[in-house]
Amino acid sequence: MEIEQLHRLIDEKKWTLVLRVLDLKISERSSTEDNESIIWIFENLDVEYRHDHAQRFYSVMWKIAFESGKIKLAKQYVEALLNNLIELKRVPALKKLMTELAEAKFITTHKKFPMLQAILGKKGQFSLEDSSGFEHHPEMWKNSKNILRNFLLEETEWTLEHWKLSYEYILKFYYDKELFLLLAEKSRKLKKDKHSENILAFLREKKVNLKAFEVKAPDKTSANDNDSLNVDYDQLAMDVISGVKEPSITEQKRILVSIQNLDDAELLDKGKDMIVAFGLLGMDKVVVRLCERVIPLVKEVKLRAGIQFMLAQALFNNNEFYKVTDLIDDTFETEPLLPDEVLAFNYLKAESLLKLKKHKQARELFVSIKKHNPHYRLVGDRLRELEDIK
């Protein structure tokens with residue numbers, strides 16, 4: 001494209017076309033002059049548009065600026081990239097970026113560096129207030145005893161994630177009187193009297209005064225609220241199938257509360273069938289929760305891979321496309337998959353990348369899939385769509 005045409009596109013604020021030109025120049029770059037041209041185009045993009053629609057370019061732009069000796073500009077690009085990855089809590093992408101920065105001997109003093117280290121599972125200290133928005137990301141809490149304790153004690157509405165975090169605490173830090181009293185109380189409210197009594201027996205051994213706790217009258221309002229949430233999920237599934245009830249968000253929330261009371265043995269016995277059933281009912285939030293509970297319990301590799309795929313599909317149905325790609329990347333790193341399973345995961349990842357408008361990466365995956373199986377699902381249609389986007 002002639003420089004005059006490029007200037008006109010920028011002047012007319014045709015940012016989508018400018019991004020296509022930028023993408024093409026990056027893929028074809030071969031010299032320092034090319035780098036200068038690429039930086040000039042990127043810098044002339046509208047700042048808000050760049051932030052909202054060109055985040056994917058920062059991962060290559062910092063390298064181009066660094067290669068061109070523009071260290072200050074490279075640092076700005078790294079800062080923007082880190083902000084985005086920290087906000088999205090994209091652990092694999094953050095690990096990859098930190099490796100690339102280390103290999104390039106590129107030093108960053110990002111203001112959120114302690115939070116970044118915590119997300120990556122490394123030791124660091126920062127206040128609970130600084131961690132707003134990361135409360136359901138377990139990597140953040142593993143080495144922060146006081147933060148984890150305070151978060152669990154201060155939160156009034158516990159979900160399954162809070163129970164997981166309490167488990168993290170006990171594994172790592174073992175004992176805290178206030179937290180164990182809270183666990184006993186919550187177990188009693190969930191009518192898990194045996195669990196509650198076991199916790200209280202443990203506290204008695206610790207010489208904790210339980211008089212006030214044990215004589216405390218049950219909260220009738222809370223108990224009634226809890227009863228209304230604990231439902232027979234088998235009956236509810238039948239109601240939805242028969243058309244008596246709609247698979248609404250409210251019904252999904254009721255089921256989510258109900259299934260968190262299932263023990264490990266029940267999950268191993270019924271878990272996969274429940275996942276399939278609720279998937280057919282379109283209750284993807286329920287499927288996600290069930291998969292998260294069942295996967296750590298399953299030892300058979302093939303069965304575990306199948307459930308991980310159902311989890312990825314449910315996340316896709318919930319429009320959580322970044323989570324889909326991260327989950328699939330993690331699965332490839334940890335599971336010995338068969339070729340057909342790799343194909344299925346790659347297809348779902350490609351569809352997610354397409355939804356995220358990461359057209360180049362999506363096209364590469366679709367091409368790879370077509371080489372293995374030219375008639376696999378909608379791969380031909382997707383490649384034709386991507387040709388039209390060019």
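Things to note:
- Under the combined filter of DSSP loop state and at most 16 neighbouring Cβ atoms within 10 Å, the range 173-208 retains these chymotrypsin sites (Phe, Trp or Tyr not before Pro): Tyr174, Tyr175.
- On the basis of the beta-carbon distance and an R0 of 30 Å, Thr16 and Glu168 show a calculated FRET efficiency of 0.10.
- Each 5 Å bin, from zero up to the one with the longest distance, holds this percent of the alpha carbon pairs of the range 21-106: 3, 14, 26, 25, 20, 11, 2, 0.
- Cα gyration tensor, the range 263-347 - rounded (a/c under 1.5), prolate or oblate: oblate
- Computed extension gain for Asp340 through Thr159, at 0.36 nm per residue and net of the alpha carbon distance, reaches 61.6 nm.
- For the range 340-390, the solvent-accessible area with a 1.4 angstrom probe is 59 square angstrom per residue.
- Each of Trp62, Trp163, Trp15 has its accessible area taken with a 1.4 Å probe; listed largest first, they run Trp163, Trp15, Trp62.
- Remark: spin-label model distance Lys206-Val276 equals 4.4 nm, labels positioned 7 Å along the Cα→Cβ axis.
- For the pair Lys357 and Gln76, a Förster radius of 22 Å applied to the C-beta separation gives a FRET efficiency near 0.40, rounded to the nearest 0.05.
- At full extension, Glu33 and Ala265 could sit 77.1 nm farther apart than now, given 0.36 nm per residue minus the alpha carbon distance.
- Cβ crowding within 10 Å averaged over residues, with 63-73, 310-320 ranked highest first: 310-320, 63-73
- Computed lengthening from Glu197 to His51, 0.36 nm per intervening residue step minus Cα-Cα distance: 47.2 nm
- Cross-link pairs beyond the 21 Å C-alpha cut-off, checked among Lys192/Lys323; Lys285/Lys349; Lys270/Lys302; Lys145/Lys177: Lys192/Lys323
The values are calculated or read from the model by the stated rules, or taken from the named source; none is laboratory data. Model, not experiment: these values are computed from the prediction. All Cβ positions, glycine included, derive from the backbone under ideal geometry; neighbour counts span all protein chains shown. The protein model used for the area step is the full one, side chains on, heavy atoms only, and it has no ligands, DNA or RNA in it. Shrake-Rupley method; radii C 1.70, N 1.55, O 1.52, S 1.80 Å.
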